[in-house]
Amino acid sequence: MQHPHPVASARAGGVAAAEAFETRLRRGENVRATLEVDLDGQLRFAAGGLQLTDQRLLAVDAAAGAAEFREWSLTPDLRLELSDHAGLGLLELVDAGGRLAQWRFTMKAHLQAQRFQDAFNRRGEAALKLEAEPELCPSCQAVLPEDSEECPSCARELHTPPSTWVLLRLWRFAGPYRGQLLLGFLLMLGATGATLVAPYLTMPLMDDVLIPFQQGKQIDTGLVMLYLGGLLGAAVVSWILGWAKTYILALVSERIAADLRTATFDHLLGLSLEYFGSKRTGDLMSRIGSETDRISVFLSLHALDFITDCLMLGMITVILFSTNPWLALATLVPLPFIAWLIHLVRDKLRTGFEKIDRVWGEVTSVLADTIPGIRVVKAFAQERREADRFRTANKHNLVVNDRLNKTWSLFTPSVSLLTEIGLLVVWAFGIWLIAHSQITVGTLTAFLAYIGRFYGRLDSMSRIVSVTQKAASGAKRIFDILDHHSNVPEPQQPVVLDKVQGGLSLQDIGFRYGNRTVIRDLNLEIRPGEMIGLVGHSGSGKSTMVNLICRFYDVTEGAIKLDGVDLRRFKLADYRRHIGLVLQEPFLFFGTIAENIAYGKPDATREEIVAAARAAHAHEFILRLPQGYDSLVGERGQGLSGGERQRISIARALLIDPRILIMDEATSAVDTETEKEIQKALDNLVRGRTTIAIAHRLSTLRKADRLVVMDRGEIVEVGPHDELIAKQGAYWRLWEAQARRVDSEEQDAVVVVAPNVNVHTATQA
C-alpha cells in the first residue's frame, strides 16, 4: 500500500483546516492572521492551524485533525511566546496561570509564526487594518516581492540588474595608472586625427586635379605628389600612434584587471564563514576568474574602441558641419532611430547577461562539486547522474543564451539597415545640391568618405552595447563580493596581544543561525592549561561553541573573553595565531609534506618541521615515502591514509606552538591501531596548553580535567569523568548507551568472524 508523503499530507490537512476555520467564524467576525503548523506533540508531520480574529483565538489540534477546535477569548493577560531550537519552532499560549496550549512546527513556518505573534501582540490596536494576504514563498514562507519569481530569503543573494554605471567604479583601480592613461588618450587623439586626413585630401584631389584633367587641363605632378605624400604620411603616423596607444592601454587594462582580481580575492579571504556557507565554489571561481578576464578584454579592446569611436564621431561631425551644414544635417537622420533602438535593447541585454553569468556559475559549480568528489561519484556509480546534472545546467545556459541572441540578432541588422538608409539620403541630397551648384563633386566625395567612417563608427558603437553590458554584469558580480562586509569585523582600535595565558571565559553567550537559536545563555570558565572535553548528542551545539571560540562567527549575545579581554577587541590574525586546530577531516593542500606541515609557519626550518613530525608520530611513515618530506601530496591529501593525514595536521598544529588547542573529533575516522598512534601524538600536543576537545568516543576524553555535557545549546553538566558517572545524569546516560553499543558491536564481530558456529549455541555459551 502506498502511503502519502507526510509533508504533502500536512499541506492537504492545512487546506482542510483553513476551510474548517471559515465555518467557525461568527457573523461580523474579521480574521487578522492565520498560521499553519505542521507537527504534532510527538514531532510527527500532521496538519493543524491557528487563526486570530478580532474577537478570539481559534486552534485546530494537529493530532485531533480538523474536527476538534479550541478557542480562547482575547483577554489582556493572554500572550503568545515564540521560541526555536535545533530546527524546530515552538509557539506557546500562556496567561497569568501558566501555559494553556502549545504548537510545534518546522522552521519553514517560522517567519509566518513571527508575523502571527506580531499580529497577536497588536490585537488591541484600533488602527489595525485588514490587508490582503501577501503571496508567500513555498519554501520559507517569506513574503515575495511584487512581480517577482524569486524569493530574496531563499536566494543566495539578491539579484538586481546591473547598471552600466557600475563600470565607473573601476576608476579606483585605474588611479595608480593615471599617467599611462593620459598618454594613451593623447596618442589615441593623435591617431584618430591622422585617420581623418585622408578623406579631407580627397576634395582637392577631385576638384583641383582629376576634374580639371577631364576638362582638358594638364595634371600638376608636384601637386599630386604632395597630396599622395600627405596621404602616405597620415597613414604612417596613424599606424605608429595606433600601435603605441593600443600597447600602452592594453598593459594598463591588464594591470587593472590583475589588481581587481587580487583585491577581490583578498577581500574574499577576509569574509566570515557564513558568507562561504551561502555561496558555491564554482560561482566564486567564475567571478574571480572569468569575470575579471572579461573586464580586462573590455578595457583593453572594447572601451578603447568606444572612446576612439566617440572621438572619431566628434571630429567628423565638426568637419561635416564646417564643410556643408545642410548636408551634415542629412547625415544625422538615422541617429534618433538608432538611439531609440539602443534604449529599447539595452535593458534586455543588461538583465540577459546578468542571467547568463548566474547560469554559467551553475555550470562551473557542477564541475567544482563533481571533480573533487570523483571518488564518491565512482564509488556509488553515479557518473550518469552527474553527467545529467551537467547536461541540465548546460542546457539551461543554452536556453538563456538563445533567448538573448534572439534579441541581439534583430538589433544588429536593424542598425545596419538604418545606416544604409542614411547613406541613401546623403546621396540623394548631395546629388540635388550638385545639380543646383551648391557643392562640388569633390565635396560630395569627401562627404561620402567621411560618412562611410561616420556610419561605420556608429555601427561599431551600437555593437559595443553588448560587450558593455557583459562587462557591467561581470563588474556587478565582482563588486557584490567587494561590497559584502564580514560578520566578524576587525576592531577599530585593536588590543595588542603579546603573551597569552590561555584562560577563556564564556559569559551569557547566545548564537543564532538565521532564525534558529543554537546556543543560549551559556556560561563556562576554562582555566589556562586546562583540558575540557565537550560531549553531547549531535546538534547540541559543540561545534558551534568551537566556531565561536575560534571567532569564525561572532556571538549574538554575551561575550567570550581571552585572559579577561573580549575576543572582538583583538585583531583576527593576532588571535588565531595562538590557536591550533585539529579537525575530524584534515585538509591538506597540493604540495610537499614539508609545505603542509609548515603551512601555519612558512618560515619554519627543516629541523623545526622534522621535530614537529616526530612529536606527531609522523616522522617514520614520512621517511618511507619516495621523497620523504619533499614527497608531493595530492589535492586534499590524496595518496595518504586517513591516519597519516591526521598526524600531518597534528604536526602542523604543533609547529605553531599554540596556547589554545581545539580538537574536533580528531580520532573518529580511523581504526583502533591508528587511533593509538594519533592519541600518542595528541598527548604531546595537549601538554601545557588550554585544550578543548570534541569526541563522540567518550573513552578518548577520560584524561580531560573536566567534561562539559551539552544539550540543545545549553550546558547541563560539568565535572570530571568519575564524578559525572557517579551522578548518573546526562553524561552517565551517554556513557551507558555507548557502552551497550560497543558490546553489541563486539558480539556482532564474533558472529562475523566465526560464521560456521551455530548462533544459538554461541549465544547460550
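The values are calculated or read from the model by the stated rules, or taken from the named source; none is laboratory data. As the structure is a computational prediction, the values presented were derived from the model and not from experiment. Backbone-built Cβ (ideal geometry, glycine too); neighbour counts: all protein chains shown. The protein model used for the area step is the full one, side chains on, heavy atoms only, and it has no ligands, DNA or RNA in it. Shrake-Rupley method; radii C 1.70, N 1.55, O 1.52, S 1.80 Å.
Observations
- Counted as qualifying within the range 571-635 are the helices (runs of 4 or more DSSP H) with 2 or more residues that are under 25 Å from Gly529 (Cα atoms) and out of contact with any helix residue (DSSP H, G or I) (no Cβ under 9 Å at 6 or more places or on another chain), namely 572-576.
- Restricting Val518, Val500 to those that are part of a loop (DSSP other than H, G, I, E, B) and over 19 Å from Leu701 (Cα atoms) reduces the list to Val500.
- Filtered residues of the range 98-124 (kept if without any contact (Cβ under 8 Å) to a residue 40 or more places away in the chain, of a type in the set (Lys, Arg) and under 19 Å from Asp61 (Cβ atoms)): Arg99
- The range 265-292, subset assigned to a loop (DSSP other than H, G, I, E, B) and not basic (Lys, Arg), residue modelled with the lowest pLDDT: Ser278
- The residues on offer are Lys703, Lys727, and the sole one that is in contact with an Asp or Glu (Cβ under 9 Å, 6 or more places away or on another chain), over 30 Å from Arg516 (Cα atoms), open to solvent by 60 Å² or more (accessible area, probe 1.4 Å) and free of Cβ contacts under 8 Å to residues at least 60 places away in the same chain is Lys727.
- Check on Arg294, closer than 30 Å to Ala393 by Cα and in contact with a Gly (Cβ under 7 Å, 6 or more places away or on another chain): yes
- Of all residues in the range 501-523, those that are open to solvent by 70 Å² or more (accessible area, probe 1.4 Å) have Cβ atoms under 6 Å from Cβ atoms of residues that are charged (D, E, K, R) and at pLDDT below 80, 6 or more apart or on another chain, in Arg516/Asp84.
- Annotation note: Cβ proximity below 8 Å between a residue of the range 213-241 that is touching a residue at least 12 places away in the same chain (Cβ under 8 Å) and a residue that is part of a helix (DSSP H, G or I) and of a type in the set (S, T, N, Q) (sequence gap 6+ or interchain) occurs for Ala234/Thr195; Ser238/Thr195.
- So Asp95, is it without any contact (Cβ under 8 Å) to a residue 24 or more places away in the chain, under 29 Å from Tyr513 (Cα atoms) and not hydroxyl-bearing (Ser, Thr, Tyr): no
- Residue selected from the range 538-555 under the condition of a type outside the set (Gly, Ala, Ser) and outside any loop (DSSP other than H, G, I, E, B), by the criterion most open to solvent (accessible area, probe 1.4 Å): Asn547
- Across the range 706-723, the qualifying residues are those that are in a strand (DSSP E or B) and among the charged types (D, E, K, R), and the one among them that is least open to solvent (accessible area, probe 1.4 Å) is Glu717.
- Residues that are modelled with pLDDT of 75 or more and aromatic (Phe, Trp, Tyr) were ranked within the range 152-196; the one that is nearest to Gly230 (Cα to Cα) is Phe185.
- Ala681 being more than 13 Å from Val582 (Cα to Cα), modelled with pLDDT under 75 and in a helix (DSSP H, G or I): no
- Any hit, the range 559-567, residues being farther than 26 Å from His485 by Cβ and either part of a loop (DSSP other than H, G, I, E, B) or without any contact (Cβ under 8 Å) to a residue 60 or more places away in the chain (or both): yes
- Residues in the range 566-581 that are of a type in the set (A, V, I, L, M) and open to solvent by 40 Å² or more (accessible area, probe 1.4 Å): Ala573, Leu581.
- When Leu205, Leu210, Leu226 are checked against the criterion of being in contact with a helix residue (DSSP H, G or I) (Cβ under 6 Å, 6 or more places away or on another chain) and either surrounded by 16 or more Cβ atoms within 10 Å (Cβ to Cβ) or assigned to a helix (DSSP H, G or I) (or both), Leu205 stands alone in meeting it.
- Every condition in (1) open to solvent by 20 Å² or more (accessible area, probe 1.4 Å); (2) among the hydrophobic types (A, V, I, L, M, F, W, C); (3) under 18 Å from Val297 (Cα atoms) holds for Phe265 except the one numbered (3).
- Listed by first and then second residue, the pairs with beta-carbon distance under 6 Å, at least 6 apart or on different chains, first residue in the range 340-361 and over 14 Å from Gly474 (Cβ atoms) and open to solvent by 60 Å² or more (accessible area, probe 1.4 Å), second part of a helix (DSSP H, G or I) and at pLDDT 70 or above, are Lys348/Thr407.
- Filtering the range 668-677 for residues that are open to solvent by 10 Å² or more (accessible area, probe 1.4 Å) and either modelled with pLDDT of 80 or more or at positive phi (or both) leaves an empty set.
- Scanning the range 582-597 for residues that are touching a residue at least 60 places away in the same chain (Cβ under 8 Å), in contact with a strand residue (DSSP E or B) (Cβ under 7 Å, 6 or more places away or on another chain) and surrounded by fewer than 21 Cβ atoms within 10 Å (Cβ to Cβ) yields Leu583, Gln584.
- Qualifying residue in the range 297-313 (condition: among the polar types (S, T, N, Q), modelled with pLDDT of 75 or more and in a helix (DSSP H, G or I)): no
- On inspection, His617 passes the criterion of being at positive phi, modelled with pLDDT under 85 and either surrounded by fewer than 21 Cβ atoms within 10 Å (Cβ to Cβ) or in contact with an Asp or Glu (Cβ under 9 Å, 6 or more places away or on another chain) (or both).
- Among (1) within 20 Å of Ala198 (Cα to Cα); (2) outside any helix (DSSP H, G or I), the one test that Ser437 misses: (1)
- Scanning the range 620-641 for residues that are surrounded by 18 or more Cβ atoms within 10 Å (Cβ to Cβ) and under 22 Å from Leu682 (Cα atoms) yields Ile622, Tyr629, Gly637, Leu640.
- Taken over the range 414-454, the criterion of being open to solvent by less than 30 Å² (accessible area, probe 1.4 Å), closer than 25 Å to Phe213 by Cβ, within 56 Å of the chain's Cα centre (by Cα) and of a type outside the set (A, V, I, L, M, F, W, C) is satisfied by Tyr450 alone.
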